[in-house]
Amino acid sequence: MTTYLLTICPLSVNRFSSFFELYDTTMNVFNDIIRLVDADVIAFRFSDDPYYHIHAVISVKGRIRYDYIHKTVPKGFHVHLAPLRKRKDVDNAKEYVLRHRPAHYVSVDSDVTFINRDGN
């Protein structure tokens, strides 16, 4: 198994009509990558501090071919994958991801659940 720190961020939030469109589109990019590389998500955070972005620690069998990832990602998004070679790197990356403050949703209380297009 190989573990990576995955970062995804839209290059401009002005192209989205609402926060929910930004969230959905960014999550779709994330889900497409996860499906493409058949990854297990170890830690995840969608944050708006200091800008909208996703950090995730993912685990895959084998290695990821970056050229496949970049063909999948639509224009207007930046994607970065950093391999985590040591167990301490994985632990540090998980802490880093979970330290990020989650993005604030407009008029959302604790009873709301978001369901992605793949049913998760």
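The set of residues in the range 49-70 that are touching a helix residue (DSSP H, G or I) at 6+ places or on another chain (Cβ under 7 Å), closer than 16 Å to Arg35 by Cβ and not β-branched (Val, Ile, Thr) comprises Ala56, Tyr68. Checking His104, His100, His78 one by one, the residue that is open to solvent by 60 Å² or more (accessible area, probe 1.4 Å) and modelled with pLDDT of 85 or more is His78 and no other.
Note on the range 7-34: residues that are open to solvent by 70 Å² or more (accessible area, probe 1.4 Å) and among the polar types (S, T, N, Q) amount to 2. Against the test of being within 22 Å of Ala103 (Cβ to Cβ), in a loop (DSSP other than H, G, I, E, B) and touching a residue at least 12 places away in the same chain (Cβ under 8 Å), the options Asp32, Asp49 yield a single qualifying residue, Asp49. Here is a check on your reading of the model: is Lys86 at pLDDT 95 or above and either under 17 Å from the mean Cα position of the chain (by Cα) or among the hydroxyl-bearing types (Ser, Thr, Tyr) (or both)? Criteria not met by Lys86. When Tyr4 is tested against (1) surrounded by 15 or more Cβ atoms within 10 Å (Cβ to Cβ); (2) among the hydroxyl-bearing types (Ser, Thr, Tyr); (3) not in a strand (DSSP E or B), only condition (3) is not met.
Of the residues making up the range 35-56, those that are open to solvent by less than 50 Å² (accessible area, probe 1.4 Å) and either over 16 Å from Cys9 (Cβ atoms) or touching a Gly at 6+ places or on another chain (Cβ under 8 Å) (or both) are Val37, Ala39, Ala43.
In the set (1) assigned to a helix (DSSP H, G or I); (2) under 10 Å from the mean Cα position of the chain (by Cα), the condition left unmet by Ile69 is number (2). All of (1) within 20 Å of Arg99 (Cα to Cα); (2) in contact with a Phe, Trp or Tyr (Cβ under 7 Å, 6 or more places away or on another chain) hold for Val13 with one exception: (1). If the condition is being farther than 18 Å from Thr72 by Cα and under 10 Å from the mean Cα position of the chain (by Cα), then the range 6-49 contributes Val41, Ala43, Phe44, Arg45, Phe46, Ser47.
The values are calculated or read from the model by the stated rules, or taken from the named source; none is laboratory data. Nothing here was measured: the structure is a model prediction, and the numbers come from that model. Here Cβ is always computed from backbone atoms with ideal geometry, including for glycine, and neighbour counts include all displayed protein chains. When the accessible area is computed, the model is the full protein with side chains, heavy atoms only, and any ligands, DNA or RNA have been set aside. Shrake-Rupley method; radii C 1.70, N 1.55, O 1.52, S 1.80 Å.
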